[in-house]
Structures are given as C-alpha cells and as structure tokens.
Amino acid sequence: MKTLTIHQHWADAIFDHGKNVENRIWQTPHRGDLLIHAGYSKQSLEASKQFIKRLSNEVIKKPKFGFILGKVTLVNCVPYVVGDWDIPNQYHWILQNPVKCTPYPMSGKLSLWDFDETLLDWNYQQTS
C-alpha cells in the first residue's frame, strides 16, 4: 500500500484532531488508501503543536516517532484553499476515513513509498 511519511504532530492530528488536509509542495496522481507514517524528524514539532492548539481544544498527546499509525483515503489533490488545515501556496491532499492501526515501528522514506499492509494489526486498542 502507498505510504506517506509526515512530521509529528501533523501525523497524529489526522487521527486525533480532525486534520483532513495534508499540505505538500508536490501533487500526486494517487487516489485511494494511504498509510500514514510518523517520521523521526522533530523539525515541525512546536509549530504543529501551536497550530493544532488554535484549532482544537483537545489534549495533544506525546507523539510517537518512526511508526505507521494507520490509514486514510486520499480522495483528491488540489491547489486551492479547502479548509482550516491548509497552508497557502501548497497542494492540499484531501484525506477522509482515518483508521488507526496498532503503531508499527518503521523507518520512513521520502515521497510515496510502498509497505505491505498485511503486517499491520487493525484491531487497535488505544491505551493511555
């Protein structure tokens, strides 16, 4: 399955805070299921935390780095503004149907990459 590595807290926001747009400087022809991988980088950590706090009153949990977190359906990729999660002058990947899996440790990659989704446990039970 196609997989996208995303910085934290952005990756968690897809599953925990209603983030339905991923912003990229490049577009993709891919549509359909897409695994979400939380990368190791902490480059966006503070900025993403502040952005999410402005949009959500929910608690921001301690992020996991280097894990596949779940999947979404990528339904479109557009250059125009579509909502609160948009960053100007980027392509907006429209995401729907987020589903968590048991976090699976994995190194990420650039661009879209392939991962064998049969290795994932979809009977995820979140613990505090």
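Bear in mind that the values in this text are calculations on the coordinates, not laboratory data. Owing to the predicted nature of the structure, the values given are computational and were not obtained by experimental measurement. When we count neighbours, we look across all protein chains shown, and the Cβ atoms used for this are built from the backbone with ideal geometry, even at glycine.
The table below lists the values:
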{"read-out": "Sequence of ASP121, ASP16 once ranked by neighbouring C-beta atoms within 10 Å, starting from the fewest", "value": "ASP121, ASP16"}
{"read-out": "Alpha-carbon centroids, region 40-64 and region 1-25: separation in whole Å", "value": "11 Å"}
{"read-out": "Stokes-Einstein D (µm²/s) once Rh is taken as the Kirkwood radius of region 2-128 over alpha-carbon pairs, at 4 °C in 1.567 mPa s", "value": "88 µm²/s"}
{"read-out": "Mean Cβ neighbour count within 10 Å, used as a protection proxy, ranking 101-112, 28-39, 3-14 highest first", "value": "3-14, 28-39, 101-112"}
{"read-out": "Formal net charge of residues neighbouring HIS17 (Cβ-Cβ distance under 14 Å; K, R +1; D, E -1)", "value": "+1"}
{"read-out": "Per-residue Cβ neighbour rank within 10 angstrom, fewest leading, VAL72, VAL81, VAL21", "value": "VAL81, VAL21, VAL72"}
